[in-house]
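Have a look at the structure below, then the notes.
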């Protein structure tokens, strides 16, 4: 069971009593990393391949700006993982491994998955959780 004092201060009132218990434990991820997870929702799947054919056509025909990859490799892996969770029904093992290889833990991946599932209304399936 998660203690109430482990939630971010924004989830508590000034008197220390909980306003509402959030469904996601924010654990080790920083606020900047949570912003990347939210940013992935608005970036969309075309941001995974900004030089792809569809992205180029959209850029030329509609003048749409397609988000470019982040300069920080660790944050870019988080963004790519989050985009896939926001927009796909299934997360592949290689996507999860790419996240883990940049220093995130399985607990972080589960927290991100739970957070996005809460907003989407369902959780995408994960091909395999590595041990």
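A compact table of results
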| item | result |
| --- | --- |
| Some residue of region 90-98 being surrounded by 13 or more Cβ atoms within 10 Å (Cβ to Cβ), assigned to a helix (DSSP H, G or I) and at pLDDT below 90 | no |
| Condition check for residue 46: in a helix (DSSP H, G or I), buried (at least 16 other Cβ atoms within 10 Å of the Cβ), at pLDDT below 90 and out of contact with any strand residue (DSSP E or B) (no Cβ under 8 Å at 6 or more places or on another chain) | yes |
| Of the criteria (1) part of a helix (DSSP H, G or I); (2) surrounded by 12 or more Cβ atoms within 10 Å (Cβ to Cβ), which one residue 61 fails | (2) |
| Residue under evaluation residue 108, criteria (1) touching a helix residue (DSSP H, G or I) at 6+ places or on another chain (Cβ under 6 Å); (2) part of a helix (DSSP H, G or I); (3) surrounded by fewer than 19 Cβ atoms within 10 Å (Cβ to Cβ), criterion not met | (1) |
| Failed criterion for residue 15 (all others in (1) at pLDDT below 90; (2) within 24 Å of residue 124 (Cβ to Cβ) hold) | (2) |
| Given (1) over 14 Å from residue 42 (Cα atoms); (2) surrounded by fewer than 15 Cβ atoms within 10 Å (Cβ to Cβ), number of the condition residue 68 does not satisfy | (1) |
| Answer from 20, 4 - the residue that is touching a strand residue (DSSP E or B) at 6+ places or on another chain (Cβ under 6 Å), at pLDDT below 75 and farther than 23 Å from residue 128 by Cα | 4 |
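The values are calculated or read from the model by the stated rules, or taken from the named source; none is laboratory data. All values reported here derive from a predicted model rather than from experimental measurement. Neighbour counts are summed over all protein chains in view; Cβ atoms, including those assigned to glycine, are modelled from backbone coordinates with ideal geometry.
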